[in-house]
Structures are given as C-alpha cells and as structure tokens.
C-alpha cells in the first residue's frame, strides 16, 4: 500500500491526466458528477457521493452508435486515451461490474462477440477504477443490504482511503498492480496509517443503518406478485424516470435514428421501465400498462430477476433514488413492507 | 392543527362521507413529507400538515392516477392554496366530478424547498430538522444551523396571494389571511430585462442540464394529457435524447400548454433532479396573462380560462404588433 | 472485430404481395457481400432486426429456411413507421439486417419424433421456416402435421406453397378459416376448435404453436387436454425489442429476455415466468 501525501496530490493528479482521460467528482449537490479533469483543484474531494454516477460516462445518456451517409456507415467506439476514474465509491464501482455483466459480457452467449456491447467494452475494458473508501456514508446509504460496505474492496482496480493527511492506495486487480508498479517516489503506508484505516472503517460502518437481507427479499418476492401491497406502494409513484436515470445500475435504452434517410445517425438513449410507452406495442397492446405493474417490474428486476441470472441483486444501495424521488417513494421502505407482507405463497 | 385535521378526516370516514382520503404523511427523510392514501378512519393518524408538505396532491386525480379513483368513490383530498387552485382548474376543465370530492382546506404559510436548504448548508447532509414560526433548525454530523424560513421557502411561495384553497368543503383552522402582495412577480424582472439573445442564452443554459426524466411534467397537476406529445412515437414529434433543441421543444411546449392554466405551485421545480429553475418561465407567462387579461388560473370555478375565451375589450395590440 | 450494431448490407431481390389489401408483403433479401452470407448461420425460429437507415429498426422472424441457400425471407405486416417504410421498398433497394438473433425451435430434439405445427395469421413466418427445414430433412422426423388458420382465404400467406404442401403425401396440412365462404374446401372454424376436432396424438410428438395472442391463449388449453407435456409444447413470444442482443431491457419478462433467451419457449418455461402469457 502506497501513500500519496495530500501535499503531493496536485502533482499526482497532474501526472495522471497526462496519461489518461482522468475522471473525478466535480461540482456540488445536484450538479455533481464524474467529469474529465486536468488538475486537482477541479476535483470535489469532500463529496459523499455524486448526484450522477460514473454510469453516465460508460453508458452515456445519449451516444451515437454510428453515422451514415448514403450506404456508408461510420462508427467510433474507442476513446482516445484509456480512462482513469478517481474517487469512485464502492457502491458505484460494484455497479460498473454489474453493468459489465449485461453490457460487456453475455450470460446466454458467453463466447460470441456479437452479443457484447462494443461501445461499453471499448471504454470499460481499459479503464482503471480507483475505489475510494467511504469515510462518511450518508443516511440514505444502504450498501450493507446487498453485500456492500463503505470500505469494501470487492470492486475496482485500485482501492484508496483518505486519511487526514494522505491517500493510501493499494491495488485490487492486475490492472491496478501494473498501475502501482508504474508509480515511483511514493512512501509505503506505515503501521500507523493502517491503524487509522481500521479506525475510519469502524466509524464509517457505525453510520449505516441495520441491513435488510436482500437474499430474504429475493426469496419472498415471487409470493408478493399478486399482493395488493403493490397497489399501495405504487399509488404515489408519478412514473417519471428520475430514479432510473440517476441509478448507477439501470441500463435500459432505446435505439433511434436521427436525421434523414440519406444522412443521419443511429443513436441510443436511456429509456425507463417506468414510462408506459416503454413496453407499448405497435398494436396498442401494453403488457405493463398499469403503474403497479411497472413499479413491480423495477423492484423485481433489481431484487429478483437479476439475481436469478447473475446470483446477486442489481441494487448497490447508493441511495440516489431515495434522494431524488419527487414523491419520496423510498425503495428501502418498499423492501421492508414487502418483507413484512403476509403474502400467500 | 394536525390534530384537528386527523379528527376531521376520522369524522368523514365515520360518517361515510369519504371512501379514500389523499393527504400528506411523514416521509422517510428529514424535511420530507410524502403523499399518502388512506381508506379507513384509524389511518387518519398518519396524516400530517406542515411546511414540508410540498407535493401538489391534485395530481393524483388525473393522468395515469385516474386508476386510483374508482367511479362513484367519494374522495377526500387535503389541499393547500395551490392544490386547491388545481382542483378549480380541473372543475373548469371537466376533469373531476366536484360532487364526488370532499375538499379539505388547510391554511398554508408556504412550503420549503429542500434544495434551497441544502445549498444554504453547502451540500452537507441534514439528519434532522425542526421548524418554528419563521425559522428552521437543521442538524447533521458536526453542525447545527438555524435558517430563516424565508430563505428556504419555495420560490412559488415567496409572493403568494392565495394561501387557502379557493373552494373547499371543510377548512381546518382559520383560513390564512393573504399577505396581499402587490407585486406578485418580482422574481421574473431580471429575466424580463434581458434582451432576446440573452434570454435565449439563459434558457439554453438552464435546460441543457435537463435529463428528460419528466419528473416536472409528471408532478405537474396542469399537465394531465393521457399521452403527452413527447411520448408519442407514431409519428414521433421530438427526439428522445437530451439534445438541447429537443429538450427546449419539450420545456417550451409544456410552458405553452400550461399557459393560463399553471397554478404556480412550484412542484416542477422542486421535483427536478437536475436543479433547473423551471418555474420562472411559467411565472413570466402567468404575469403576462394577468396583465393582459386580468386572469389568474384556478381561482374561480365559473370563469373560463383566459386562453380559452375571448372578450372584445381585451388588449389586442399583439395582433398588430 | 465487427461492431454488432452495424447492419449487414442486403439488397431486395424479390417482393411478393400476399393479400389483396396489400398489408402483407414477402421480401427475399440477398447478401451484398459473400462473406456475410457465409457467416450467417441460422435455424428456424430465429429473427433479425431489419434496418432502414434514417427510419430505424424492427424485429422480424426469418421465414426462409437455412436449407434454402443464398437468401433470407421476411414477411412484413404494415403496422407502424418502419414497416410502412419497408412496404415502400422496391426490388434492388438496399436494406440492412442484424442477426441471426434469438434462439430456435428445438429441431435437434424433434429428431425421430412426430411434429405438430399449429399456426394462425401472419405469425406463420417462422413456422414456414420450420416446415421447410423439416421437409428438407424429411427422413429425420416422424409424422408432420400442420394446422394453419386465417380469418379468410385471402389472408393465408405463401399460398403457392400451401397448394404444394396440400398435395404432399409425407405430411398433412389442414387449413381453416373463421367463417365459411363459397368454394372453400377445407376446415371452417377457429384454430383451437379445429385442433380439438383433429386431436393430433401426443404420443412421441412435439407441438409448436404460433399466432396472435388470442389464438395462443385458447389453443394452449386444447393442446394440454391432448396430453402433450408442457416441455413439448413450444411457442414463440412477441415483445417490443430494440437491441436484440439482451442489453436494452425492453423485452424483459421475469428473468428472461425474449430477444436472447427466446423468442422460442416451452410452455414449461413460460409457466415459471410471471405474466408471460
């Protein structure tokens, strides 16, 4: 584990930005997001968690799949430089791994590149993610529900802890190993540093609320399918997509053509299962026409369906949806209500 | 006040005057109330009424939410001034059956805008909040701050002359005396002073932040089309991506569709996850309509909307330029 | 590596209008590049996203059989924007396809067994692919029975082929229309009723059912009554799809993505998915 003194942070960042497209938390409150930075002054180092997750860089809200002119088709998948992400919280680092299972890989056709998303892969495969331990989880955080923790080392290529005077960094993956090997002139973390990590970790964990077990919820969910509780929990939902668009693991998208027949572009743009039109078919038939069905779909997908395919939940407990929902439809409350429901098996 | 509200709702259930009551309950976060739907007398205890009750509940009587309301069901709805104005709008536009509604008015001294509080404390996390007549106290890890309420009231409440529902069946406590603000729209002055180029720039800047989540539209009581033009796909009127031209068409289209119908409740602005100043343009339009037609939306159940009626003595200078 | 979102260039070789109302048209497409033709390996039941640059994409089941080499066939009902535009295509025009996508009818499992095919309306496309495939490998399969219904005689697709299949002795084709018309010499009645009346045996047999949702809804109980086990009742689901490769989430039902886990499912599978039917 190496030690980057805060007094050297500026130089460290400067050097990084020469070799990588460097992304880090920028901006305050609702404007905060991961954006490309050139120097340390641009980085918001005190933010608990950005409003917009790193998803917005790897799977942008809108991106051009290709441009066409006549029959000629041009596409650009690869970023100019590999990306380095500084300061990703463990929940978000895990989200990227979950998204990679869907976008970068294919459970159903694991060996066929035609079923891997080329744009995602071009960005994600070469990117280095530095997971920054969460010294002060927010009251809306619930990473402990789905197997996470503020100091989790489960995801990312590098792991770092911010102490009073320094960032302590260690590798988590091969990419991370190679990165650390390439660094020179940094001290190794001392015993005292390691003690302060332990102390910070204990304090961070004490801020979290008791966890609800996501696996119990997963087992329970099929029984709730017809439960009138879904009417109750979906009643206040206004079917916007604030929760989904702000979610670090929601990945649904639409593909559309813009321009004219002889010249234009095919784009993809985020879409959302909360919108009635998402599943509406050309015939007018809509398999999920009711708010109850759509809210149920979102909860089921996060806490059941994804688990059935990949063995874990598609929620990392970042709490963003809890904060942005305009009607305070709190996913944690929904989960608790479902667990308590006396649904017939 | 809250006690009186709960007693009243309980009585309405006991006297079988309502089957369902839409009101506000305690939310899961500090400074946050949440819409609740209660269908029995004992649940009246869950109702609250305070400066956190910022959602406009009228929205639950239209749109997709019509499914909540069964035919012939008697609905009680707790309303502050602006929610009540939305109900007047609905009555004028034939969206509700007035006789099936029991309107429960509550006096409103303004609701707070959480985003303003967070800006005030520079993004720190609020773990608890308490309210007094003219100030609030917020606490978090390592801080405790007092804030004057007027600094964090929703923009929509700052110059409001309509603290009570214009039409109601029961009123909890005394209707609040209006402040009789003379200049209702001081907040749009700065925008008005800009030339058209600068106005355009301001709008483009503001709306470029939009993520097209439609939270503003979906919480807006005046936006109740069963299928919004932005959602239609055959033909598709506008692009789905947050490309600025498409985003502007959405927002400006919405501004025009709610012109003369907006009750300026500010729900759009408070709902926006991208922190866009959404209310300003609506208020500018409302101001124009007030000046030209002496009309304010949602006040008189017998008055036709300004843009849906014609009087010979109306100002017509815009026709001749 | 080739970008999977970029369509394979094709040319319209032949267009057949299937019905007098001109809402159903069949398109034979040729590969522009020989290398694409060689790489395109598929089985009956799979589908493609057909792409018209500037208009968008729509998914269609492949109506040709891999045993018919050199072209791909699609039959397209004019319903929306993209299908309207496809109907404006002329022979020689350029289109794109992405595919083959999705899974296929379990033709390997069918080997040595009897196959019953029940279809309705223009969802007959991939059933044609299946039938042509089975007939091309005739010796691998037992009895082949097909029941095909349409509202009226005009609405059958592939009419010339139907004539030929009716004459064949190594298969049995039953056609049915909703209401009797002059000169009609086949069955009259809805597909479920005709299926019940013909009562194909479930012994050593598989059944494939494809058609409008309402037909499937009423046919499945009939088939269950004939004692076909759920694992041997095969159907193909239709959902809105966009990417076709299991990413965009639109066709998600339960833990399944219709575009990649399907569109072909057994009734046994569907019974484990909430609201699939």
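Every read-out reported here was derived from the displayed coordinates using simple, explicitly stated rules and does not represent laboratory data. Keep in mind that this is a model prediction, so the values were computed, not measured. We place every Cβ from the backbone using ideal geometry, glycine too, and count neighbours over all the protein chains shown.
Per-structure values
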{"item": "Förster-model FRET efficiency, 56 Å R0, residue C:199 and residue B:100, C-beta, rounded to 0.05", "result": "0.55"}
{"item": "Column: log10 I(q)/I(0), Debye, Cα scatterers of the stretch B:231-321, q = 0.18, 0.20, 0.22 Å⁻¹", "result": "-0.94, -1.04, -1.13"}
{"item": "Kirkwood Rh (inverse of mean 1/r, distinct Cα pairs), chain B, angstrom", "result": "20.9 Å"}
{"item": "Shape call, the stretch C:40-81: gyration tensor on alpha carbons, a/c limit 1.5", "result": "prolate"}
{"item": "The stretch A:2-206 - Rg over Rh from alpha carbon coordinates, Kirkwood radius", "result": "0.99"}
{"item": "Computed [θ] at 222 nm, helices only, for chain A once each DSSP H run of length n ≥ 4 contributes -39500 (n - 2.57)", "result": "-8500 deg cm²/dmol"}
{"item": "Value of Rg/Rh across the stretch A:265-309 [Cα atoms, Kirkwood radius]", "result": "1.06"}
{"item": "Over chain B: helical MRE at 222 nm, DSSP H runs n ≥ 4 each giving -39500 (n - 2.57), nearest 500", "result": "-8500 deg cm²/dmol"}
{"item": "Shielding of C:250-263 by partner chains, average beta-carbon count, 10 Å", "result": "4"}
{"item": "Cα centroid separation - the stretch B:285-314 against the stretch A:197-230, whole Å", "result": "52 Å"}
{"item": "Largest-first ellipsoid semi-axes for the protein assembly as shown, taking √(5λ) over the Cα gyration tensor eigenvalues, angstrom", "result": "51, 38, 28"}
{"item": "Long-range Cα-Cα pairs in chain A (distance over 39 Å), rounded percent", "result": "19 percent"}
{"item": "Ratio of the Cα radius of gyration of the stretch B:1-122 to 2.2 N^0.38 Å, where N counts its residues", "result": "1.08"}
{"item": "Amide N of the stretch A:160-194 lying under 19 Å from the label point, which is placed 7 angstrom from the Cα of residue A:202 along Cα→Cβ", "result": "A:161-164, A:190-194"}
{"item": "Förster-model FRET efficiency, 30 Å R0, residue B:150 and residue B:201, C-beta, rounded to 0.05", "result": "0.50"}
{"item": "Over chain C: helical MRE at 222 nm, DSSP H runs n ≥ 4 each giving -39500 (n - 2.57), nearest 500", "result": "-6000 deg cm²/dmol"}
{"item": "Two-site label geometry, residue C:154 and residue C:227: point separation in nm, points 7 Å out along Cα→Cβ", "result": "4.4 nm"}
{"item": "Between the stretch C:91-117 and the stretch A:1-78, the alpha-carbon center distance in angstrom", "result": "44 Å"}
{"item": "Compactness of the stretch A:214-340, expressed as Rg and Dmax over alpha-carbon positions, Å", "result": "16.1, 58"}
{"item": "Radius of gyration and maximum dimension Dmax of chain C, Cα, Å", "result": "18.2, 58"}
{"item": "The stretch A:100-237 shape via C-alpha gyration tensor axes, a/c threshold 1.5", "result": "oblate"}
{"item": "Label point at residue B:4 placed 7 Å out along Cα→Cβ; residues across the stretch B:134-163 whose backbone nitrogen lies under 19 Å", "result": "B:134, B:162-163"}
{"item": "Most mobile listed residue (C:182, C:28, C:19) in chain C, GNM with C-alpha springs under 10 Å", "result": "C:182"}
{"item": "R0 of 45 Å, Cβ-Cβ distance residue B:310-residue C:217: FRET efficiency to nearest 0.05", "result": "0.25"}
{"item": "For peptides B:289-295, B:51-57, sequence by mean Cβ density within 10 Å, most packed first", "result": "B:51-57, B:289-295"}
{"item": "Two-decimal log10 I(q)/I(0) for the stretch C:8-100, as the Debye equation yields it once each C-alpha is a single scatterer, q = 0.11, 0.16, 0.17, 0.26 Å⁻¹", "result": "-0.27, -0.59, -0.67, -1.60"}
{"item": "Cα→Cβ-extended label distance, 7 Å offset, between residue C:111 and residue C:268, nm", "result": "1.9 nm"}
{"item": "Inter-centroid distance (Cα atoms) of the stretch A:273-345 relative to the stretch A:121-178, Å", "result": "27 Å"}
{"item": "Quotient of Cα Rg and 2.2 N^0.38 Å for the stretch C:79-157, N being how many residues it contains", "result": "1.39"}
{"item": "Cα long-axis angle, helix C:213-225 against chain C (0 to 90 degrees, to the nearest 10)", "result": "40 degrees"}
{"item": "Segment residue B:132-residue B:252, length gained on full extension (0.36 nm per residue, minus Cα span)", "result": "39.4 nm"}
{"item": "Spin-label model distance (nm) - residue A:135 vs residue B:177, 7 Å beyond Cα toward Cβ", "result": "5.3 nm"}
{"item": "Mean projected area (nm²) of the alpha-carbon convex hull when the stretch A:1-97 is viewed from all directions", "result": "8.2 nm²"}
